[in-house]
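Peer 1: Just dropping this structure here.
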Amino acid sequence: MINKDFYPTPSSLVSKMTNDISGIKTILEPSAGKGDLIKYINNGAYRRVDIDVIEIEEDLRTILNEKGFNVVHDDFLTFQSEKQYGLILANFPFSDGEEHMMKAISIQEKYGGRITALVNAETIRNDYSQSRKLLKRKLDEYDADIEYLENQFTNAERQTNVEVALIKMTIPEVKTKSIFIEHLKDSEVNLYNDYEEKQLVSSNPIDGLISRYNFESKIGINLIKEYRKIKPLISNNLKGGYPIIELSVKNGSSGEDIVDYLEGLRRKYWSLFLSSDEIRGKYTSNVVNALSKKIDELSKKDFTKFNLLSLQEELNKTVATDIDDTIIALFDRLSHQHSYSSSDYEKNVHMFNGWKTNKSWRINKKVIVPINGYKTYSWDNTKELDYHYVTNQLNDIIKALKYLDGNSDKYDCSDMIGIIKDDVSKHKNIELPYITITFYKKGTCHIIFRDKKLLDRFNIFGSQKKGWLPPTYGKKEYRDMSEEDKNIVDEFQGEDEYNNILLEKDYYLANNPQLFLN
């Protein structure tokens, strides 16, 4: 005999209850009746959803089984399962809806998930009992959306004038503590506290990375050891065999799980180190790119303070040569590489007859280079600027100028992308360390050097390295130079500027400042 609380869900309500379940992978229908709600889902766009149903009436369970629905229990109020459901979808009995709602909430509180349910409106409005008061508190706690609906069942398969409430609520995913982390907290308090502390110390990011590496290695090793212990208990048959749950370690090469895990972990943290501001903010792209190609070699070394410092010492030995090469490449790029290719670039340089050559130049205060930041010609969407490409192009310019300036702390350029995004969105000139830039849609970038002294230092450095200035430059007073040398100086900068250079030789003519070796 059919239960007195059996009121099949009208099609108009079915649609209303299921109009927002896209993305749900698992559903429990705890008062399935003869399957009207589930039938709608199976016939619609959600037919591949994993659906379990519960029904207390034996006759209705028979109907559900005949229709091929997965019946998992009879009485929802006694249902127990560790399965996680993305949604509990129900038309609950009108007589005791509060008990069924509380049961649904208790299930979803295990892991988190959604509930969409119809109940008698009196269940919510008339909280005369302790169970209804508790339900009301839970609905408030999870900010449930409640819609009261009249006359929904007056023309239904089984008719009633009962006003219903459609409840939709989401219970957040439960964040559980890891037994491995809790174990480490108890057994290695200093390691854990050091890990936690370093997360908050932004002034020492490398120490923070080392602490994270040490703690993560302990977690992984403990996990692997625990898996080894339980593996015989979770085999696919009573006599052993392959386990139902498998723990695999990626990025390893030895075939030994702990060895492979640590190799992959080292690779992860060396990669994080190479992408950190400590490296990218200090060294040129040539150095960083060369290091990235050696990641296999680095991943064989433990991620320790000693190995990090050893790597930095090795890098510092190559910095002077590398930065010289970077400055000369930049000097070439901002001058002759573009000065003849288009009328846009003709004013990048001032030509002069150099020592033993007539192909000499110095860079002007304003230069135009082909740094095409934009992917389209629309101002409407500032996201069209390729920020990473732009910053990669500009970073070496700023690093070279910082090196020549001899002051690594003068400017902070850690948020160049943020600066560019903000100013481009306002269609402004963008002020970066030492330079002001402006992007144009035709694919050029205008660069203005704000520091004349530094630009002079740059031009002297480049011209000397190129051999365009006479050997006596900076070593003799102007009046003591040969006529040939004087003519070069006159074309390069003039007597007055040359005399000013001699007054500040330590700045203009210094040998490779040790900026990056500190």
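Peer 1: Being within 21 Å of residue 99 (Cβ to Cβ), in contact (Cβ under 8 Å) with a residue 24 or more places away in the chain and outside any loop (DSSP other than H, G, I, E, B), is that true of even one residue in the stretch 39-49?
Peer 2: No; the residues of the stretch 39-49 include none that is within 21 Å of residue 99 (Cβ to Cβ), in contact (Cβ under 8 Å) with a residue 24 or more places away in the chain and outside any loop (DSSP other than H, G, I, E, B).
Peer 1: Would you please name the residue that is modelled with the lowest pLDDT, looking only at residues in the stretch 409-468 that are part of a loop (DSSP other than H, G, I, E, B) and among the hydrophobic types (A, V, I, L, M, F, W, C)?
Peer 2: Checking each candidate, the answer is 413.
Peer 1: Right, another one. If the requirement is being under 18 Å from residue 164 (Cβ atoms), in a loop (DSSP other than H, G, I, E, B) and in the same structural domain as residue 142 (by TED's automatic domain parsing), which of these qualifies: 33, 68?
Peer 2: Exactly one residue qualifies, and that residue is 33.
Peer 1: Further, regarding this structure: Name, by its number, the condition in (1) modelled with pLDDT of 80 or more; (2) under 33 Å from the mean Cα position of the chain (by Cα) that does not hold for residue 353.
Peer 2: (2)
Peer 1: Kindly provide the set of residues from the stretch 113-166 that are aromatic (Phe, Trp, Tyr) and touching a strand residue (DSSP E or B) at 6+ places or on another chain (Cβ under 6 Å), ordered by number.
Peer 2: Matches in the stretch 113-166: 142, 148.
Peer 1: Now, a different point. Pairs needed: first member in the stretch 211-225, closer than 11 Å to residue 258 by Cα; second member anywhere, in a helix (DSSP H, G or I) and charged (D, E, K, R); C-beta distance under 7 Å; at least 6 residues apart or different chains.
Peer 2: Qualifying pairs under 7 Å: 224/257.
Peer 1: Moving on. Just to be sure I understand the filter: pairs with C-beta atoms under 9 Å, separated by 6 or more residues or on different chains, first member in the stretch 134-152 and basic (Lys, Arg), second member part of a loop (DSSP other than H, G, I, E, B). Which pairs pass?
Peer 2: Cβ pairs passing all conditions: 136/127; 138/144.
Peer 1: Shifting gears a bit: Report yes if some residue within the stretch 482-503 is basic (Lys, Arg), farther than 30 Å from residue 314 by Cα and at pLDDT below 80; otherwise report no.
Peer 2: no
Peer 1: Sticking with this one: For residues that are touching a Phe, Trp or Tyr at 6+ places or on another chain (Cβ under 9 Å) and over 15 Å from residue 89 (Cα atoms), scanning just the stretch 100-124, find the one that is surrounded by the fewest Cβ atoms within 10 Å (Cβ to Cβ).
Peer 2: Residue satisfying both the conditions and the ranking: 111.
Peer 1: Which numbered condition in (1) surrounded by fewer than 21 Cβ atoms within 10 Å (Cβ to Cβ); (2) over 33 Å from the mean Cα position of the chain (by Cα); (3) at pLDDT below 95 is the only one that residue 49 fails?
Peer 2: Among (1) surrounded by fewer than 21 Cβ atoms within 10 Å (Cβ to Cβ); (2) over 33 Å from the mean Cα position of the chain (by Cα); (3) at pLDDT below 95, residue 49 violates only (2).
Peer 1: How many residues are outside any helix (DSSP H, G or I) and under 19 Å from residue 503 (Cα atoms) if we restrict to the stretch 469-490?
Peer 2: 10
Peer 1: Would you check which residues across the stretch 92-101 are touching a strand residue (DSSP E or B) at 6+ places or on another chain (Cβ under 8 Å), outside any helix (DSSP H, G or I) and at pLDDT below 90 and list them?
Peer 2: 94, 95
Peer 1: Quick check: is even one residue across the stretch 116-135 assigned to a strand (DSSP E or B) and over 21 Å from residue 33 (Cβ atoms)?
Peer 2: So far as the stretch 116-135 goes, no, none of its residues is assigned to a strand (DSSP E or B) and over 21 Å from residue 33 (Cβ atoms).
The values are calculated or read from the model by the stated rules, or taken from the named source; none is laboratory data. Small disclaimer: the values here were computed from a predicted structure and weren't measured. In this analysis, Cβ positions are derived from the backbone assuming ideal geometry, glycine residues included, and neighbour counts consider all displayed protein chains.
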